[in-house]
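First up is the structure itself, then whatever we jot down about it.
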Amino acid sequence: MSTVKMGCDLALLNGNIVTMDRKRKRAEAVAVAGERIIGVGKNSGIKRLIGKNTKVINLRGRTIVPGMIDSHIHFVDYGLSLKRIDLRNVRSIVEVQKKVASEVKVTPAGKWIVGRSWDQERLREKRYPNRYDLDKVSPENPVVLSRVCGHICVVNSQALQLANITKQTTDPQGGQIDKDPETGEPTGILRDEAMSLVWRCVPEPTKSELVAAIEAASRKALSAGLTSVHALLRNSMCIEALQEARATGKLGVRVYMGIPVELLDDLIHLGLKTGFGDNWLKIGCVKMLLDGSLGGRTAALKEPYADDPGNKGLLLYREDELRQLIDKAHDSHCQLAIHAIGDHAIDLALDAIEEAQNKTPRENPRHRIEHASIINQQQIDKMTRLGVIASVQPAFVTSDFWAIDRVGKPRESWIYPFKTLFKKVVASAGSDCPVEHLDPLEGIWAATTRGGFLPAELLSVDQVLHMYTVNGAYASFEENEKGSISEGKLADMIVLSRDPFEVPSNELKSIKVETVIVGGKVIKPDRP
């Protein structure tokens with residue numbers, strides 16, 4: 001522990017400090033000056049750093065871990081979704097209709113109604129809702145309801161009319177408009193790029209609405225124990241809103257921005273690249289969507305879906321387009337984060353990354369595969385060789401209870417092989433919120449229990465916590481700034497109600513976040 005002459009600003013004593021630092025795995029106390037940790041060790045050593053203006057907190061044996069890092073979250077969209085219809089817990093199309101009908105009562109005719117998170121696998125009818133279901137309860141308001149994965153939506157006839165989608169409308173590249181096999185009429189189900197035909201008709205939120213959404217999302221994130229997020233953004237307005245939130249004190253967590261690939265030319269023109277910014281807000285990865293979702297059967301597989309033999313999913317780019325974009329981002333010193341769920345998409349992404357690296361060798365570019373859901377051993381080995389990071393979502397393994405039905409028993413061992421990935425590559429963890437819940441403790445529970453599925457891929461608490469801290473920092477080139485409770489690093493920590501290393505696995509998600517410390521500032525989180 002280093003010594004300093006002046007007193008520290010904050011001292012945490014009598015704690016069970018889980019540092020995630022290999023040099024000192026556990027400690028009793030921590031000292032903070034400004035935004036940085038200046039001492040980690042025994043109570044006696046930290047007490048020597050206490051001055052007359054030091055805030056002293058007696059932890060009384062409670063557990064502290066580093067602030068959690070969510071490596072994959074739709075942060076602004078999550079904030080916006082808090083004011084939209086939440087269909088996560090509905091269990092029938094009738095319930096969907098009731099939720100929409102309630103919103104219709106308080107919405108002027110002609111105004112859009114937006115909802116999220118329905119899942120046909122959990123509906124009593126075991127089918128997708130369609131335009132006619134929605135027409136019954138919303139004949140005068142256009143409606144768009146996103147599936148839980150975010151890669152499929154259902155709309156009503158008003159929405160189809162506003163988007164000029166008819167039986168003559170052809171599928172856009174990387175998308176599909178579902179049509180009745182007998183009449184040819186659109187059913188209201190739109191997949192991947194076809195969704196944009198409707199979303200472009202929905203009024204964009206104003207910048208002030210986006211800032212309010214960021215503030216709301218920040219409060220929720222802090223309550224869950226998150227101090228940093230890798231926020232995947234939709235457009236430049238989201239970037240501007242984050243900048244305003246940062247300037248006005250409404251950004252509560254540190255943000256590593258995932259810039260949509262559509263803005264890559266703008267980044268290049270402005271001379272910006274990964275890492276530009278400060279410890280609160282910086283340019284991060286360039287995000288590309290290569291395929292769809294497993295739940296919606298639009299993830300790109302090499303062999304057909306076991307429960308839909310004529311379908312191998314969708315690719316959102318032609319192979320030549322993909323290679324050109326990856327080359328451009330790589331050559332511009334930008335980190336790539338490629339959404340690739342299916343094994344076919346993963347193959348294409350890794351091949352293009354390898355080609356770009358061979359053309360323009362870069363030291364440690366840390367390109368990322370987001371999700372890596374259906375992945376085989378050869379692909380994992382290739383990721384290891386290329387230094388590609390796996391950005392995974394532990395909660396998927398328990399929520400996607402139908403995954404084996406999708407891909408079949410022969411590919412069972414390829415479904416979310418977290419332990420294999422953790423041992424072979426740098427694997428970071430995220431939520432994909434609002435697709436899944438925000439809570440990293442729920443993610444730790446999911447990865448250490450897996451709902452009983454494929455127990456050979458169970459992770460230990462230490463391994464998953466590593467993914468949410470040390471590896472999350474590495475995935476954003478910030479391993480010297482955060483990820484562990486170490487001298488010199490940012491003072492981002494959380495106080496837990498129980499020690500996750502001591503509780504039974506099935507009780508992990510019941511642990512509460514009691515206090516959050518971000519940059520030395522002590523915050524009492526909102527209670528649900």
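Among the listed pairs Lys52/Lys250; Lys83/Lys250; Lys25/Lys52; Lys250/Lys282; Lys423/Lys524; Lys250/Lys509, those with a Cα-Cα distance over 24 Å are Lys52/Lys250; Lys25/Lys52; Lys423/Lys524; Lys250/Lys509.
For segment 81-199, the alpha carbon positions stretch 34, 31, 27 Å along the principal axes, listed from largest to smallest.
Enter the angle in degrees (range 0 to 90, nearest 10) between the Cα long axis of helix 319-331 and the first principal axis of the Cα atoms of the chain, meaning the one along which they spread out most. Roughly 20 degrees between the two axes. At the listed q of 0.10, 0.12, 0.14, 0.20 Å⁻¹, the Debye profile of segment 222-376, built from one uniform point per Cα, gives log10 I(q)/I(0) equal to -0.40, -0.57, -0.75, -1.21. Peptides 138-149, 240-251 ranked from most to least packed by the mean count of surrounding Cβ atoms within 10 Å: 138-149, 240-251.
What whole number of Å gives the distance from the Cα centroid of segment 141-165 to the Cα centroid of segment 36-51? If you average the Cα positions of each part, the centres end up 57 Å apart.
For segment 428-498, the Kirkwood hydrodynamic radius comes to 13.3 Å, computed from all pairs of different C-alpha atoms. Between the listed residues Ser486, Ala306, Gly45, the Cα displaced farthest toward the positive end of the dipole of the chain, a dipole computed from Cβ unit charges relative to the Cα centre, is found at Gly45. Each principal axis of the Cα atoms in the chain has its own extent, and those three values, largest first, are 80, 55, 50 angstrom. Taking 0.36 nm per residue of separation and subtracting the Cα-Cα distance, full extension of the segment from Lys126 to Gln377 would add 87.0 nm. Annotation: the antiparallel percentage among DSSP beta bridges lying fully within the chain is about 45. On the principal axes of its alpha carbon atoms, segment 8-61 extends 32, 23, 16 Å, with the longest extent given first. Pair-distance distribution of segment 1-107: all C-alpha pairs, bin width 5 Å, starting at 0; shares per bin in whole percent are 2, 10, 16, 14, 10, 6, 6, 7, 7, 7, 8, 5, 2, 0. For Ala109 and Gln243, the difference between the fully extended length at 0.36 nm per residue and the C-alpha to C-alpha distance is 44.8 nm.
Per q in 0.11, 0.12, 0.16, 0.21 1/Å, what log10 I(q)/I(0) does a Debye calculation on the alpha-carbon atoms of segment 208-311 return? Here the Debye-derived log intensity ratios amount to -0.45, -0.52, -0.77, -1.04.
Quick note: the coordinates plus some simple rules give every number you see, no bench work behind them. On a predicted model such as this, the values are computed, not experimentally measured, just so you know. Glycine gets a Cβ as well: all are built from the backbone with ideal geometry, and neighbour counts include every protein chain shown.
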